[in-house]
Amino acid sequence: MTPEQTVYMDHAATTRVLPEVAEAMRPFFTERYGNPSSIYALAQQARQALDEARERCAGVLGARPGEIVFTSGGTESDNAGIMGPALALKEHGRHVVTTSIEHHAVLHAVELLESLGWEATYVSPGRDGIVRPEDVADAVRPETAVVSVMLANNEIGTLQPVAEIARLVKERALSERRFIAVHTDAVQAAGAVPVRVDDLGVDLLSLSAHKFGGPKGVGLLYIRRGTPFAPTQVGGAQERERRAGTENTAGIVGMSVALERAERERETNAAACAALRDRLLSGILERVDRVEVNGDTDARLPGNVNVSFHGVEAEPLLMGLDLAGVAASSGSACTAGSLEPSHVLLALGRSNELARSCVRLTLGAENTAEEVDYVVETMAGLVPKLRALSKAASR
Ligand code: PLP
């Protein structure tokens, strides 16, 4: 199976760099390679490209250019988006509220703070994979400094009511005359649902370029003007001393082109992905028995299907799909390959068995109805075989 023949249904893990993005990046490796912090003309070309990229990204998010900090990706943005305000507000309170279904980039940042003496509350979602705004508001204490709730879940694709959460938290902060920083991990949401910082009412927001047709290893953190923030990566004075290190000019330019295009095509792509998602899900439900759909089917990313098969482990199923040329995953890429049950599915109240048997198929604009039908056909063949095998093995 060559890469060209792969039926790629893992767009939540990463996406192909779009040709126009690669083209926009190219000169910054070859001719326009100056360090944006230097003073001569060659460097100033790079500086100008960074400024333009910052304006483009800010435009899509409805932010001011000065509120955009370029980073090395979603993980760094999440780490800094939580630890930055937590460290800056440490004299005011050392409590963080988050949810039990966050990406590990958030969960492990919060755990790191716990190891340093902070306290944390992990709010659980309902069985539908959606966190209730009142539950988050109820978790806020007098010493809460940071609240972090993701906009779209990377495993089950459920959309979280971030705007309502931010509204409740801000209301509480205002009535108590203190500051509570609200962060959202919007890594999976960009290009799929609207991501406008004022509509969401958040102070900090994370994005990662490789999830929307940009390159890997670059992202951004939006920091609303006036938000207390202590840098966690220190050294030079880049990014107005909020994130030290020579900027990844080519990557940043690529991200800005990809983000603008993702926003331009968002509604068209979302409609196409949703139609394919519905075809895929109904195909699986028609052709395979004893399937559980994970996460709400309405408040969900347009391209996400996540199902658990009773009596089948995810790993052999994913291997079978791979042999048939289908690239899919069992949740977050970081836990794929290990037999750990998904922490997201456990948080939804799924059993260990079902949390180990989930398959995530995430569609993109390039997928076709023929590919969807092929995947349904392949699964309909594989699942009964694997069930029979595991039954025979347990005898
Ligand atoms: N947050 C979410 C929701 C993600 O899905 C991912 C990547 O899978 C990340 C953060 C981490 O992003 P990156 O791969 O750019 O570090």
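The values are calculated or read from the model by the stated rules, or taken from the named source; none is laboratory data. Computed from a prediction, not measured in an experiment: that's the story for all the values here. With ideal geometry, Cβ positions are generated from the backbone for all residues, glycine too; neighbour counts draw on all protein chains shown. Calculation scope for accessible area: heavy atoms of the full protein, side chains included, ligands and nucleic acids excluded. Shrake-Rupley method; radii C 1.70, N 1.55, O 1.52, S 1.80 Å.
Magnitude of the charge dipole for the chain, about its Cα centre and with charges confined to Cβ atoms of Lys, Arg (+1) and Asp, Glu (-1), is about 440 debye. Extension gain, Glu241 to Arg132, is 35.6 nm, computed as 0.36 nm per intervening residue step minus the present C-alpha separation.
Share of carbon and sulfur in the accessible area of the chain stands at 53%, probe radius 1.4 Å. When the Cα positions of Pro231, Ala152, Gly73 are compared along the charge dipole of the chain, Pro231 comes out farthest toward the positive end, with charges on each C-beta of Lys, Arg, Asp and Glu.
Per the Cα gyration tensor, the stretch 245-395 maps to an equivalent ellipsoid with semi-axes of 31, 19, 15 Å, ordered largest to smallest. Each distinct pair of alpha carbons in the stretch 116-161 adds a 1/r term; the inverse of their mean, the Kirkwood radius, is 11.8 Å. Ordering Ser390, Thr297, Leu361 by Cα displacement along the dipole of the stretch 293-395 toward the positive end leaves Ser390 in first place; charges were set at the Cβ atoms of Lys, Arg (+1) and Asp, Glu (-1).
Along each principal axis, taking the top coordinate minus the bottom one, the Cα set of the stretch 5-164 gives 54, 49, 29 Å in descending order. Compute the projected area of the convex hull of the Cα atoms of the stretch 253-301, averaged over all viewing directions, and report it in nm² to one decimal place. Value for the stretch 253-301: 4.5 nm².
The mean of 1/r over all pairs of different alpha-carbon atoms in the stretch 22-64, once inverted, gives a Kirkwood hydrodynamic radius of 11.0 Å. With viscosity set to 0.692 mPa s and temperature to 37 °C, compute the Stokes-Einstein D of the stretch 123-235, Rh being the Kirkwood radius across alpha carbon pairs; µm²/s, no decimals. This corresponds to a translational diffusion coefficient of 220 µm²/s.
What separates the Cα centres of the stretch 165-216 and the stretch 217-255 is a distance of 17 Å. Kirkwood Rh over Cα pairs of the chain into Stokes-Einstein at 20 °C, 1.002 mPa s: D in µm²/s? D = 98 µm²/s.
The share of alpha-carbon pairs in the stretch 14-86 lying farther apart than 21 Å comes to 42%. In this simple spin-label model, placing a label point 7 Å from the Cα along the Cα-to-Cβ direction at both Asp289 and Val234 gives a separation of 6.4 nm. Each peptide in 51-60, 82-91 receives the mean, over its residues, of other Cβ atoms within 10 Å, and ordering these scores from highest gives 82-91, 51-60. Within the stretch 245-268, name every residue whose backbone N is under 20 Å away from a label modeled 7 Å from Cα of Gln48 along the Cβ vector. Output list for this probe position: 247-257. Taking Cα centre as origin and charging only the Cβ of basic (Lys, Arg, +1) and acidic (Asp, Glu, -1) residues, the dipole magnitude of the stretch 159-229 rounds to 160 debye. Label separation (Ala275 vs Ala380): 2.2 nm, computed from points 7 Å beyond Cα along the C-beta direction.
Dipole size of the stretch 278-395 about its Cα centre, with +1 on Lys/Arg Cβ and -1 on Asp/Glu Cβ: approximately 520 debye, rounded to the nearest 20. The GluC sites (Glu not before Pro) of the stretch 1-40 that DSSP puts in a loop, and whose beta carbon has at most 16 other beta carbons within 10 Å, are Glu31.
Using helices alone, what [θ] at 222 nm do you get for the chain, with -39,500 (n - 2.57) per DSSP H run of 4 or more residues, divided over all residues and rounded to the nearest 500?
-13000 deg cm²/dmol
Computed over the alpha-carbon pairs of the stretch 78-125, the distance histogram in 5 Å steps reads 5, 23, 35, 26, 8, 2, 0 percent, short to long. Working note: Debye formula, equal point scatterers on the alpha-carbon atoms of the stretch 306-390, no solvent; log10 I(q)/I(0) at q = 0.15, 0.16, 0.24 Å⁻¹ is -0.54, -0.61, -1.23.
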